[in-house]
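The block underneath contains the structure these notes are about, expressed in C-alpha cells.
What follows draws every value from the coordinates through simple rules; no lab data is involved. Computed from a prediction, not measured in an experiment: that's the story for all the values here. With ideal geometry, Cβ positions are generated from the backbone for all residues, glycine too; neighbour counts draw on all protein chains shown.
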Amino acid sequence: MTTVSVRYIIDDVDAAVDFYAERLGFNVEIRPGPGFAMLSRGDLRLLLNQPGAGGAGQPMPDGRRPEPGGWNRIQIEVSDLEREVEALREAGASFRGEIATGRGGSQILVEDPAGNPIELFQPARACAPVLRTRTGVKRCHPCQTSAPMSSCAARKPAATCP
C-alpha cells in the first residue's frame, strides 16, 4: 500500500509529538526544526506544522492563516474503544462528545493538544447467520445475539467473531 500523508496545523510541535507518540502509538520520523515534525503509524504519515513554519505554515495570498481545529480528521482503528478512551482520559486528553455507536461500529473524537480531531473507531463485530427459529426468522451468531438477519447479510463468517 502507498503511504498516505496528512498535514495538521498545530500550535506546539513538542506537545503534539508527545501526544501522538506517547498516547496514539506514532513513531517520530524526523524533527528538522522547531516548527515541523513528521510522524508515522503504519502507512500513515502525519506532518505536523506550526503556523509560520515552512511553506505549509505560510498565510494564503488572501490573508487567511493556517490554524488548528476544524472537523477533517484521521481515523485510527482500535480493538477496545472503551479501554483507549479511559487511558486517554486518565492522561488528560480532551474529547468532542462521548462514544457514538452506529451500524458500522463505535467512535469518538479525541483532540490533539492544538484541537485537531482524531477519530478513534472500533468496528462492529462481524457475524453470520447460524440458525432459524421456529417462526423461520434467521438469527445471527452469538456475537450479536438475536440480531435480525438483515444486520448480518454482508458480514464476515462467524469464525471472525471473538
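For R45 and A87, the difference between the fully extended length at 0.36 nm per residue and the C-alpha to C-alpha distance is 12.7 nm.
With neighbour counts taken as other beta-carbon atoms within 10 Å, the residues V4, V85 rank, fewest first, as V4, V85.
If you count, for each residue, the other Cβ atoms within 10 Å and average over each peptide, how do 113-120, 63-70 line up from highest to lowest? Could you put the intermediate results ahead of the total?
Working: 113-120: 19.6, 63-70: 12.5.
Most protected by this proxy first, the peptides run 113-120, 63-70.
For F95, F26, the sequence from fewest to most other C-beta atoms within 10 Å is F95, F26.
Note on S5, S40: ascending count of other Cβ atoms within 10 Å places them as S5, S40, the fewest first.
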